[in-house]
Amino acid sequence: PKVNFKKLRIVKSRGLSFWRAAAPQAGLPCQKILYVGTEDSKLHAVSADTGKPCTGFGKKGVLDINQWNTVNPSLRLLLRKPPAVSGDTLIIGWASEDLAYEKSPPGTVFGVDARTGKLKWTFQIIPEDMRHRIGTANVWAGMSVDPKAGIVYLPVSSPESNFYGGHRTEAMPLATSVTALEAETGRVVWTRQLVHHDL
């Protein structure tokens, strides 16, 4: 992927994802695609048959998810794990070097078209009135998909900072939860908060 590793503090990659067209069209490229994320916020799509970039995805086969990092964007959205695949939708979470920082990007999950990378939906984890002052509560670990039900299960992490919660006394019902979404729409099916005020 030609990543400039000298600019990155940590380099992690936890695998890749596979998508195939439900009704493959003979002679067309990228009817089977592999996706791999990188630490510089890029999701790469390559043909599973040839290894060449799928140029119809994002910009010449590369989708920069940091374009959607618009609230407290001082830290980049890092792609350390592959997206979940449900039908023709990729569900993308992200990591960040947040740890003890304040005003990190707020937790958001993106649903994109598997062929084009076009944004289909956005799921916001932190309540709207708190997003500008509290960050993370993101989905950085692996997600699971129930293909028959069309549901994606999100392991949602804690909000910032990891060890102090005195500035976030309001309820954050989706933080530190397992949350199930409709994969095609991003609509909440159910959620179960595991820790109500995570420290």
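The values are calculated or read from the model by the stated rules, or taken from the named source; none is laboratory data. Not measured: the values here are computed from a predicted model. In this analysis, Cβ positions are derived from the backbone assuming ideal geometry, glycine residues included, and neighbour counts consider all displayed protein chains. The protein model used for the area step is the full one, side chains on, heavy atoms only, and it has no ligands, DNA or RNA in it. Shrake-Rupley method; radii C 1.70, N 1.55, O 1.52, S 1.80 Å.
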* Test F123 against the criterion of being open to solvent by 10 Å² or more (accessible area, probe 1.4 Å), touching a strand residue (DSSP E or B) at 6+ places or on another chain (Cβ under 6 Å), in contact (Cβ under 8 Å) with a residue 40 or more places away in the chain and closer than 19 Å to A180 by Cβ, and give yes or no. => yes
* To do: Among the residues of the stretch 152-173, count how many are among the acidic types (D, E) and touching a strand residue (DSSP E or B) at 6+ places or on another chain (Cβ under 9 Å).
  => 1
* Among the residues of the stretch 127-136, is there at least one that is among the small types (G, A, S), open to solvent by less than 80 Å² (accessible area, probe 1.4 Å) and over 18 Å from K81 (Cα atoms)? -> yes
* Asked: Going by the conditions given, is T122 assigned to a loop (DSSP other than H, G, I, E, B) and at pLDDT 95 or above?
  -> no
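Yes or no, residue by residue, for (1) open to solvent by less than 10 Å² (accessible area, probe 1.4 Å); (2) at negative phi; (3) modelled with pLDDT under 95; (4) among the hydroxyl-bearing types (S, T, Y):
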position	(1), (2), (3), (4)
G61	yes, no, no, no
N72	no, no, yes, no
L79	yes, yes, yes, no
T89	yes, yes, no, yes
E102	no, yes, yes, no
D113	no, yes, no, no
* Filtering the stretch 18-49 down to residues that are modelled with pLDDT of 95 or more and hydroxyl-bearing (S, T, Y), which residue is nearest to the chain's Cα centre (by Cα)? -> Y35
* Can you tell me how many residues in the stretch 141-157 are surrounded by fewer than 21 Cβ atoms within 10 Å (Cβ to Cβ), in a loop (DSSP other than H, G, I, E, B) and among the small types (G, A, S)? -> 4
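Counting only residues that are among the hydroxyl-bearing types (S, T, Y) and open to solvent by less than 30 Å² (accessible area, probe 1.4 Å), which one in the stretch 158-181 is farthest from the chain's Cα centre (by Cα)?
Quick first cut of the stretch 158-181, residues among the hydroxyl-bearing types (S, T, Y) only: 158, 161, 164, 169, 176-177, 179.
This time we only want the ones that are open to solvent by less than 30 Å² (accessible area, probe 1.4 Å), so: 158, 161, 176-177, 179.
On the way: S158: 15, S161: 20, T176: 16, S177: 16, T179: 14 Å.
This residue is S161.
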* To do: Could you tell me whether S17 is of a type in the set (S, T, Y) and in contact with a helix residue (DSSP H, G or I) (Cβ under 6 Å, 6 or more places away or on another chain)?
  => no
* State yes or no: is A114 of a type in the set (G, A, S) and under 25 Å from P53 (Cβ atoms)? => yes
* Does E184 fit the bill of being in contact with a Phe, Trp or Tyr (Cβ under 9 Å, 6 or more places away or on another chain), in a loop (DSSP other than H, G, I, E, B) and open to solvent by 40 Å² or more (accessible area, probe 1.4 Å)? -> yes
* Any hit, the stretch 36-49, residues being in contact with a Ser or Thr (Cβ under 6 Å, 6 or more places away or on another chain) and not small (G, A, S) -> no
